[in-house]
Amino acid sequence: MTMNETVKFSEASLIQQLDSRSRDVFQALIDSYVKTGEPVGSRLLSRQVEGNLSPATVRNVMADLQDMGLLFAPHVSAGRLPTDLGLRLFVDGMMKIGRLAESERDEIETHCAAVGRSLGEVLEDATEMLSGLASCASLVQAPKSENRFKHIEFIALGPTRALVVMVGQNGLIENRLIETPPGLPPSVLVEAGNYLNARLAGRSLEEARSSIVADMDAKRAELNHLTQKVVKAGLLAHGGSDANYFIVKGQSKLIEDAHAVQDLEHIRGLLVALEARERITGLLERVAVAEGVQIFIGAENDLFGITGCSVIASPFHGKDHNLIGVIGVVGPLHMNYARLIPMVDYTARLVGRALGAPDSD
């Protein structure tokens, strides 16, 4: 039995131990916690649970749930909060996934449209949109060179600069500025474009780069010195040292949700880690090899455990179902999982569709 299967088995055992009254109290407590992020008391729950349970009865049920490791009391006189285990039990075994509003679906579709835009623009817009809709921080990671090319063109912009325009088979456009030798004849730019079009069409840059460089180095290419310089500049412009997009939006929303000074300090540590990409790449790699939306609650991940945050993320795929990247949200433990899970899932599918994935609706 794998570790994941063991966790699932443990959760199933805990659910079986909950009678209908315990489930009702636990469900009501989670509902209140998701709305406020604050400890929930027995008096409030007694008014929310069907069956006219007294505060004393609710306290007894909450004590049993605490003994099971599903709740804890942050202070002696405070109400109860769900533990990470309690939230995991709720998300995996009791939660009913919500449906996106038509307005939300329309907004996601608008921001994930790809035609006439670069991959970077699509990812930036999708990440910004997801942060706004979710009221959380959002992030995306994807390689820059996955796009398969349909056409490339060099456009002179001045005495020493040119614009490299690469159009992908999926309609995405990548633009990069390059430096050119002074007084470069326009015919050189045309020749460089023709040369690359013959070798890049239908291939990704990574697939074609090594063979093109080898071709020129072996002097098999019938190109003059200036044209070779332009071709190499065009290749380098689309494959620098940073081979991935890593975009984070809405970090300020994490600070807005901090409930205490110590929470704020933890959040600041998370923001530093996000900016430095510390450990976040490893988390996204775990999402990338999984199927569908993945949820990491609190201490289930080292990076987010100390911050009181959870992550909802999903991989997205391109043409031929090949893995492209990961997109998701980072928010407080009391985030509305039922609403955000379908939101992240739909965004990931639309980003994948923009990159050439077949329609899975």
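Things to note:
- Across region 236-259, a minimum of one residue is classified as open to solvent by less than 30 Å² (accessible area, probe 1.4 Å), under 16 Å from Gly331 (Cβ atoms), at pLDDT 75 or above and part of a helix (DSSP H, G or I).
- Per this entry, Phe304 is not counted among residues that are under 12 Å from Leu333 (Cβ atoms) and at pLDDT 70 or above.
- Complete set of residues in region 12-62 that are open to solvent by 80 Å² or more (accessible area, probe 1.4 Å), part of a helix (DSSP H, G or I) and not small (Gly, Ala, Ser): Gln16, Gln17, Arg21, Arg23, Lys35, Arg43, Arg47, Gln48, Arg59, Asn60
- Within region 65-79, being in a helix (DSSP H, G or I) and out of contact with any strand residue (DSSP E or B) (no Cβ under 9 Å at 6 or more places or on another chain) holds for one residue alone: Asp67.
- In region 159-182, of all residues being part of a loop (DSSP other than H, G, I, E, B) and at pLDDT below 85, the one that is most open to solvent (accessible area, probe 1.4 Å) corresponds to Gln169.
- Within region 135-150, considering residues that are closer than 30 Å to Asn194 by Cβ and not in a strand (DSSP E or B), the one modelled with the lowest pLDDT: Ser145
- Of the residues in region 103-117, at least one is closer than 30 Å to Ala28 by Cβ and loosely packed, with under 15 Cβ neighbours inside 10 Å.
- Annotation: Glu121 fulfils all but one of (1) in a helix (DSSP H, G or I); (2) open to solvent by less than 70 Å² (accessible area, probe 1.4 Å); (3) free of Cβ contacts under 8 Å to residues at least 12 places away in the same chain; (4) not hydroxyl-bearing (Ser, Thr, Tyr); the unmet one is (2).
- Across region 80-93, a minimum of one residue is classified as in a loop (DSSP other than H, G, I, E, B), within 26 Å of Lys253 (Cβ to Cβ) and in contact with a strand residue (DSSP E or B) (Cβ under 8 Å, 6 or more places away or on another chain).
Every residue, every condition in (1) within 13 Å of Gln141 (Cβ to Cβ); (2) more than 12 Å from the chain's Cα centre (by Cα); (3) at pLDDT below 95; (4) among the polar types (S, T, N, Q), yes or no:
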{"residue": "Glu278", "(1), (2), (3), (4)": "no, yes, yes, no"}
{"residue": "Glu285", "(1), (2), (3), (4)": "yes, no, yes, no"}
{"residue": "Glu291", "(1), (2), (3), (4)": "no, yes, yes, no"}
{"residue": "Cys309", "(1), (2), (3), (4)": "no, yes, yes, no"}
{"residue": "Phe316", "(1), (2), (3), (4)": "yes, no, yes, no"}
{"residue": "Lys319", "(1), (2), (3), (4)": "no, yes, yes, no"}
{"residue": "Met335", "(1), (2), (3), (4)": "no, yes, yes, no"}
{"residue": "Asp345", "(1), (2), (3), (4)": "no, no, no, no"}
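- Pairs are defined by a Cβ separation below 9 Å, a sequence spacing of at least 6 or placement on different chains, a first member in region 328-356 that is at negative phi and assigned to a loop (DSSP other than H, G, I, E, B), and a second member that is open to solvent by 10 Å² or more (accessible area, probe 1.4 Å) and aromatic (Phe, Trp, Tyr); the pairs so defined are Leu333/Tyr33; His334/Tyr33.
The values are calculated or read from the model by the stated rules, or taken from the named source; none is laboratory data. These figures come from a predicted structure and were not determined experimentally. Reconstructed Cβ throughout: ideal geometry from the backbone, glycine too, with neighbour counts over all protein chains shown. What goes into the accessible areas is simple: the full protein's heavy atoms, side chains included, and nothing from ligands, DNA or RNA. Shrake-Rupley method; radii C 1.70, N 1.55, O 1.52, S 1.80 Å.
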